[in-house]
1. Considering the dipole of the range 154-227 built from charges on the beta carbon (Lys and Arg +1, Asp and Glu -1) around the Cα centre, which of Asn202, Tyr212, Ala173 is farthest to its positive end?
2. Counting only heavy atoms of the protein chains, get the accessible area per residue of the range 177-228 (1.4 Å probe) and round it to a whole Å² value.
3. Please list, in chain and number order, the residues 5+ apart from Arg37 or on another chain whose amide H is under 5 Å from its amide H, with Hs placed from the backbone.
4. Which three lengths, in whole Å and largest first, does the range 128-253 cover when its Cα atoms are put on their principal axes?
5. Taking all protein chains in place and a 1.4 Å probe, what share, in percent, of the accessible surface of the chain do carbon and sulfur account for?
6. Would you work out the charge dipole size for the chain about its Cα centre, treating the Cβ of every Lys and Arg as +1 and the Cβ of every Asp and Glu as -1, and quote it to the nearest 20 debye?
7. Pick from Ala197, Ala51, Ala42 the residue whose mean-square fluctuation is largest in a GNM of the chain, springs joining Cα atoms under 10 Å.
8. Compute the accessible area per residue over the range 1-143, keeping the other protein chains in place, probe 1.4 Å, unit Å².
Amino acid sequence: MRQQIAAANWKMNLTLTQGEQLLDAILKNEYSLNEHRKVVLAIPFPYLLPAVNKVKNTQGVFVAAQNCYNKKSGAFTGETSVEMLQSIGVEYVVLGHSERREYFNESNSFLAEKVNIVLENNLIPIFCCGESLTIREEGTQNEFVANQLKESLFHLSADQIKKVVIAYEPIWAIGTGKTASSQQAQDIHLHIRNTFAAAYGNEVAQDITILYGGSVKGNNAAEIFAMPDVDGGLVGGASLNADEFAIIINALK
Ligand code: PEP
């Protein structure tokens, strides 16, 4: 089901106390959240359980893990299974963030396995895609992103694909302060939706939630989120400030 989502990616930041203070500050603000307008907080593994407990009585706020492993369980020291995440009440998992693709060599086929296991456990993948600056300068971003989607997602059924949240994040805009213009975001979001339409039909494509990520801030969120094929954002740096993240949440359509 297509939704409007403000997703926070805390990455590898904050101590427990700092995380609790940030979460309390985010939760004390008023937002009009509902079934179609949500906040998802992707926070570090050690704080997932306390965060789930804190948000459980707040309508429209959910907790995400920033990663998971592609195997059910077993001798994989240091990894975290989806079953573990599900058992503590986590509902979303961010997959394929460009930092994981780059620093941990996560490939499209490996991510396809992670998508499968997340869906099998009834959690929702937030699947990240997006091109580097070199690809953008070559002008082949549409083909590059379509290929990421095809290799990791197109084996899914129509019912499954509608559950996946897509986060388009141009790598050149992540953490750089350099945002895609609202028109650049709209153009590629429309391309992503058309890519899904070609594979699954227009009705399914219209149901898919596509977030924009890359230096979304309080002062640009409303313009980007207003674009017809942008359904909210995945926010890194600006999500570490409760007041700024509140502005971003309130910028959702
Ligand atoms: C991100 O971490 O996914 C991200 C988009 O970061 P930032 O908002 O800091 O660019």
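1. Ala173
2. Values: 2070 Å² over 52 residues.
On a per-residue basis, the range 177-228 sits at 40 Å².
3. Here the answer is Gln4, since their amide H atoms fall under 5 Å of that of Arg37.
4. That works out to 40, 32, 22 Å along the principal axes.
5. On the way: 5580 of 11110 Å².
Answer for the chain is 50 percent, counting heavy atoms of protein chains only.
6. Details: 20 positive and 27 negative charges, 78 e Å.
In total the dipole reaches around 380 debye.
7. Of Ala197, Ala51, Ala42, the most mobile in the Gaussian network model is Ala197.
8. Working: 7040 Å² over 143 residues.
With the other protein chains kept in place, the range 1-143 gives 49 Å² per residue.
The values are calculated or read from the model by the stated rules, or taken from the named source; none is laboratory data. Computed from a predicted model, the values in this text were never measured in an experiment. Counting neighbours? That spans all protein chains shown, and the Cβs are built from the backbone with ideal geometry, glycine included. Areas reflect the complete protein model, heavy atoms only, side chains present, ligands, DNA and RNA absent. Shrake-Rupley method; radii C 1.70, N 1.55, O 1.52, S 1.80 Å.
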